[in-house]
Amino acid sequence: MLDGALVVWTLPHLPTEAAPRIDLSGLDKMDTAGAWYLAEAQHSGARLEGLKPNHAQLMETVATAIPEPDPVPPVVPHWKQILTRTGMRTMQALGYFKELSEYLGRFLAAGIRAIRHPSQFRLTSLVYHCQETGVRAIPIVFTMSFLIGVVLAFQGAAQLSRFGAEVFVVDLIAIAVLRELGILLTAIVVAGRTASALTASIGSMKMREEIDAMRTFGMDPDMVLTLPRVLALVITLPILGLIADVAGLVGGAVMSWITLGISPPMFLTRLSEIDVSHVIVGLSKAPFFAVIIGIIGVHGGMRVGKDAESLGQMTSKSVVNAIFAVIIADALFSVFFSVIGL
Amino acid sequence: MSVENVIEVRGLRNQFGDHVVHDNLDLDLRRGEILGVVGGSGTGKSVLLRSIVGLVTPQAGEIRVFGQDIRKLSGPARESVERRWGVNFQDGALFSALTVRENVEVPLRAVPHLGDEDRERLAGLKVSMAGLPVNANPKFPSDLSGGMRKRAGLARALALDPEILFLDEPTAGLDPIGADAFDRLILTLRDALNLSVFLVTHDLDTLHTCCDRIAVLAEKRVLATGTMAEMLKVDHPWVHEYFHGPRARAAMASSGGA
């Protein structure tokens, strides 16, 4: 016996096992949830009595719409799941490297084409992106590197003064900044700024099919988008690295003067005895970092799908991947330079 | 009056900055009818829908839903009214992080003590009532076509068996076959669930196939309401152009006259 309302709100109070006979003559309100309950009950053998015609109609609509239950997926053993997942991740990572090398190849090919047909090259775009990724990054790079120099001088002085070797703080700062920190931290800042900007700008163009439109006009996205952007990075990153080197040394010199009383002329004299190879080692890494950041950023943009969600996902992924790749490349460079003895 | 109005809008005024969208607008939605709301671009069809469901706060006027002034309701009273309507936005407005079935489950989660399994199966029922195949359930909105997203949005709007259904351009962007199927789905659901439907549309075929009455928005108010036959007699340049243009004639011919 059911009466009153049989709706979704009263559904939880019904017995899960329906009675064999259900009297519905007292029912005045029924919705699809109620109709579904009755249809299920009828299916499992219950007899419905006193069903009103308008309720019967609704029940019929619902009964025809009840979907076939989903097939139960076969149970996969746990170790197999882990194995599958590891394998899939590995293949994904390999696929990522493959795609990155494809984009590197396309960038180089576009570069060669630009040399052979200079008229196709977008100089305006290159200048614009040099301004965006280079000039506009100067304040943050300078400040960051200056502070790193300050920190190194301060910490170095604290440790070295215990051995009476304060003057070696100059060597410490110079080698650390010129060889490693200057360019590495600059590359990380630029990876954060520019890889995200590249992915976001190219990705939103991809989302609105602008890149497809470009192709229909016979314009090559590698030539129009990739080449100027990555080339701008290759040009500006070494310059930014040089600025970072100078800023780091200035910061170190200022701090050495304040805490250790090493005057700037003394700092310079000591500095001039440092091997110039450290600067060469440091700055020679810059173009490689630039290509890594640029290619990862552009590739991320091109992989954006049609929804805004993938744009956000790819942008943050680009930044993380670019920073990670720069650090890995730096480690490989350290091994390389120590092997060739620089 | 023998017919019951589920929505009564009186003297509505909407204004954004200097731009007056509605001024002294009156509109009724009767129980069990499908009301087509038409109007040129920028006449505030969507704004009207949004002010009724409370997404836009009007400057003046009265909006009565089930006889209660929606602007004066708050808390549980408002919630209980909101549960009696369902809104399907233009592109479905599905939650992108959830699958189709989980999307439909969202409103059902408001039902206390409803078991997980019951909720899932009820959601599956709504998905299938909206005309989607079973294999659409575990898919994410980004994997669906535009028409399927609209159907999924409809399934979510119908989750709690609302009495009023708001549809914003349900057939926009669909191919003629998909649009036609959607029209028939709306009619079927209206008859089965006894819905009152507030339908914003541009689609003349939809107006011919589905709508019991049509309300034309122009000059900041509802210029005319009535059946298709009555619309054809309205002597206003825009309304005349709309219902007598070449597209309108084609739609009328295909539906065998209004």
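The values are calculated or read from the model by the stated rules, or taken from the named source; none is laboratory data. The shown structure was predicted, so the numbers you read here are calculated from the model rather than taken from an experiment. Heads up, the Cβs are rebuilt from the backbone with ideal geometry, glycines too, and the neighbour counts pull from every protein chain shown. Surface areas here come from the heavy atoms of the whole protein model, side chains and all, with no ligands, DNA or RNA. Shrake-Rupley method; radii C 1.70, N 1.55, O 1.52, S 1.80 Å.
Which residue fluctuates most in the GNM of chain B (Cα springs below 10 Å): B:V104, B:V21, B:V87?
Per the Cα network of chain B with a 10 Å cutoff, B:V21 tops the list.
Among A:T64, A:T269, A:T86, which one moves the most in a GNM of chain A with springs linking Cα atoms closer than 10 Å?
A:T64
Suppose R0 equals 60 Å. What FRET efficiency, 1/(1 + (r/R0)^6) with r the Cβ-Cβ distance, do A:D3 and A:L83 give to the nearest 0.05?
For A:D3 and A:L83, the calculated efficiency is 0.55.
Extending each Cα 7 Å along its Cβ direction at B:N194 and B:A224, get the distance between those two points in nm, one decimal.
About 3.4 nm, to one decimal.
Relative to the longest principal axis of chain A, what angle (0 to 90°, nearest 10) does the C-alpha long axis of helix A:32-43 take?
The two axes meet at around 60 degrees.
Over all residues in B:121-130, what is the mean tally of Cβ atoms on other chains that come within 10 Å of each residue's Cβ?
5
Treating only the Cβ of Lys, Arg, Asp and Glu as charged (+1, +1, -1, -1), what charge dipole size does segment A:16-63 show about its Cα centre? Round to the nearest 20 debye.
Roughly 80 debye, rounded to the nearest 20.
Return the Cα extents of segment B:1-138 along principal axes one, two and three, sorted largest first, each rounded to a whole Å.
Extents along the principal axes, in whole Å: 48, 31, 30.
Can you tell me the equivalent ellipsoid semi-axes for segment B:84-187? Use √(5λ) from the Cα gyration tensor, largest first, whole Å.
Each semi-axis is √(5λ); the values are 21, 15, 12 Å.
With only alpha-carbon atoms in the gyration tensor, what are the semi-axes of the equivalent ellipsoid for segment A:3-65, in Å, largest first?
One finds semi-axes of 14, 13, 13 Å for segment A:3-65.
If you project the alpha carbons of the protein assembly as shown onto their three principal axes, what span does each projection cover, largest first, in Å?
Between the extreme Cα coordinates on each principal axis of the protein assembly as shown lie 103, 64, 49 Å.
Would you rank B:E105, B:E8 by solvent-accessible area, highest first, keeping every protein chain in place and using a 1.4 Å probe?
Largest to smallest exposure gives the sequence B:E8, B:E105.
Could you work out Rg/(2.2 N^0.38 Å) for chain A, with Rg from alpha carbons only?
Rg over 2.2 N^0.38 Å, computed on Cα atoms: 1.66.
Compute the angle between helix B:176-193 and the longest alpha-carbon principal axis of chain B, please, reported from 0 to 90 degrees and rounded to the nearest 10.
Rounded to the nearest ten degrees, it is 80.
How much length would be gained if the chain were fully extended between A:Q42 and A:D220, taking 0.36 nm per residue of separation minus their Cα-Cα distance, in nm to one decimal?
Stretched fully, the A:Q42-A:D220 segment lengthens by 57.6 nm.
Between beta-carbons, use under 15 Å as the cut-off and find the net charge around A:F154, counting Lys and Arg +1, Asp and Glu -1.
Within the 15 Å Cβ shell, the charges total 0.
What pairs from B:K45/B:K150; A:K306/B:K150; B:K150/B:K220; A:K98/A:K206; A:K285/A:K317 go past 27 Å between their alpha carbons?
B:K150/B:K220
Taking amide hydrogens as modeled 1.01 Å from N in the peptide plane, which residues meet the under 5 Å criterion relative to B:V37, leaving out close sequence neighbours?
B:L199, B:V200, B:T201, B:A215
Just to be sure I understand the model, the point goes 7 Å from the Cα along the line to the Cβ. What's the resulting B:V20 to A:R208 distance in nm?
If labels sit at B:V20 and A:R208, their model points lie 3.5 nm apart.
Based solely on its DSSP helices, what 222 nm [θ] is calculated for chain B when runs of n ≥ 4 H residues each add -39,500 (n - 2.57) and the sum is averaged over all residues, nearest 500 deg cm²/dmol?
Calculated at 222 nm, the ellipticity per residue is -11000 deg cm²/dmol.
What average count of beta carbons from other chains do you get within 10 Å of the Cβ of residues in A:50-59?
1
Between B:L232 and A:D23, what is the FRET efficiency for a Förster distance of 56 Å, r being their Cβ-Cβ separation, to the nearest 0.05?
That pair, B:L232 with A:D23, gives E of 0.65.
What residues in segment B:144-161 lose 50 Å² or more of accessible surface when the other protein chains are added to their chain alone (1.4 Å probe)?
B:D161
With θ taken as phi - 60° and the coefficients 6.51, -1.76 and 1.60, list the Karplus ³J(HN,Hα) couplings across segment A:142-152 in order, rounded to whole Hz; mark glycine and proline as x.
Each residue of segment A:142-152 in turn: 4, 4, 4, 5, 4, 5, 4, x, 4, 4, 4 Hz.
Just by accessible area at a 1.4 angstrom probe, what is the order of A:T194, B:T57 from largest to smallest?
Solvent-accessible surface, decreasing: B:T57, A:T194.
Order of A:140-150, A:304-314 by packing, highest average Cβ count within 10 Å first?
With the highest mean Cβ count within 10 Å placed first, the list reads A:140-150, A:304-314.
Quick one: with all protein chains in place, what share of the accessible area of the protein assembly as shown is carbon or sulfur, to the nearest percent (1.4 Å probe)?
With neighbouring chains kept in place, the figure for the protein assembly as shown is 61 percent.
Indicate, rounded to the nearest 5 percent, the antiparallel portion of the DSSP beta bridges found entirely in the protein assembly as shown.
45 percent
For chain B, take the convex hull of the Cα atoms, compute a quarter of its surface area, and give me that in nm², please.
Its average projected convex-hull area is 14.8 nm².
Find, among the trypsin sites (Lys or Arg not before Pro) in segment A:175-215, those assigned to loop by DSSP (not H, G, I, E, B) with at most 13 other beta-carbon atoms within 10 angstrom.
Filter output for segment A:175-215: A:R208.
Given points 7 Å out from each Cα along the Cα-Cβ axis, report the B:A93 to A:S272 separation in nanometres with one decimal.
7.3 nm
Out of all Cα-Cα pairs in segment B:4-48, roughly what percent, to the nearest whole number, are more than 14 Å apart?
55 percent
Mind telling me which of A:S44, A:S119, A:S318 comes out most flexible in a GNM of chain A, alpha-carbon contacts under 10 Å?
A:S44
I need the phi-derived Karplus couplings for segment A:268-285: 6.51 cos²θ - 1.76 cosθ + 1.60, θ = phi - 60°, integer Hz, Gly and Pro marked x.
Along segment A:268-285, the couplings run 5, 4, 5, 5, 5, 8, 6, 5, 5, 4, 4, 5, 4, 4, x, 6, 5, 6 Hz.
Tally Lys and Arg at +1 and Asp and Glu at -1 over the other residues with C-beta under 14 Å from the C-beta of A:M223: what net charge comes out?
+4
R0 = 60 Å: FRET efficiency of A:I280 with B:L55, Cβ-based, nearest 0.05?
It comes to 0.45.
Only four residue types carry charge here, +1 at the Cβ of Lys and Arg and -1 at the Cβ of Asp and Glu. Report the dipole size of the protein assembly as shown about the Cα centre in Debye, rounded to the nearest 20.
1340 debye
To two decimal places, what compactness ratio does segment A:133-254 give when its Cα radius of gyration is scaled by 2.2 N^0.38 Å?
For segment A:133-254, the normalised Cα radius of gyration is 1.46.
What three numbers, in Å, describe the spread of the alpha carbons of segment A:204-274 along their principal axes, ordered from the longest?
Cα spread of segment A:204-274 along its principal axes, largest to smallest: 66, 22, 12 Å.
If I model segment A:262-342 as equal point scatterers sitting on the Cα atoms and use the Debye formula, what is log10 I(q)/I(0) at q = 0.19, 0.20, 0.24 Å⁻¹?
-0.85, -0.89, -1.05
Tell me, what HN-Hα J-couplings in whole Hz come from the Karplus equation 6.51 cos²θ - 1.76 cosθ + 1.60 at θ = phi - 60° for each residue of segment B:38-54, using x for Gly and Pro?
Calculated HN-Hα couplings, in order: 10, x, x, 4, x, 8, x, 5, 5, 5, 4, 4, 5, 6, 5, 7, x Hz.
Keeping every protein chain in place, order B:D205, B:D28 by accessible area at 1.4 Å, biggest value first, i.e. largest first.
So, going from the largest accessible area down, we get B:D205, B:D28.
Reported to two decimal places, what Rg/Rh ratio describes segment A:62-202 when computed on Cα atoms with Rh from the Kirkwood expression?
Answer for segment A:62-202: 1.25.
Return one whole number: the accessible area per residue of chain A in Å², for a 1.4 Å probe.
53 Å²
Could you give me the radius of gyration and the Dmax of segment A:206-342, taking only the C-alpha atoms into account and expressing both in angstrom?
20.8, 67
Just the number, please: buried accessible area between A and B, total of both chains, 1.4 angstrom probe, nearest 100 square angstrom.
So the total buried area for this chain pair works out to about 1900 Å².
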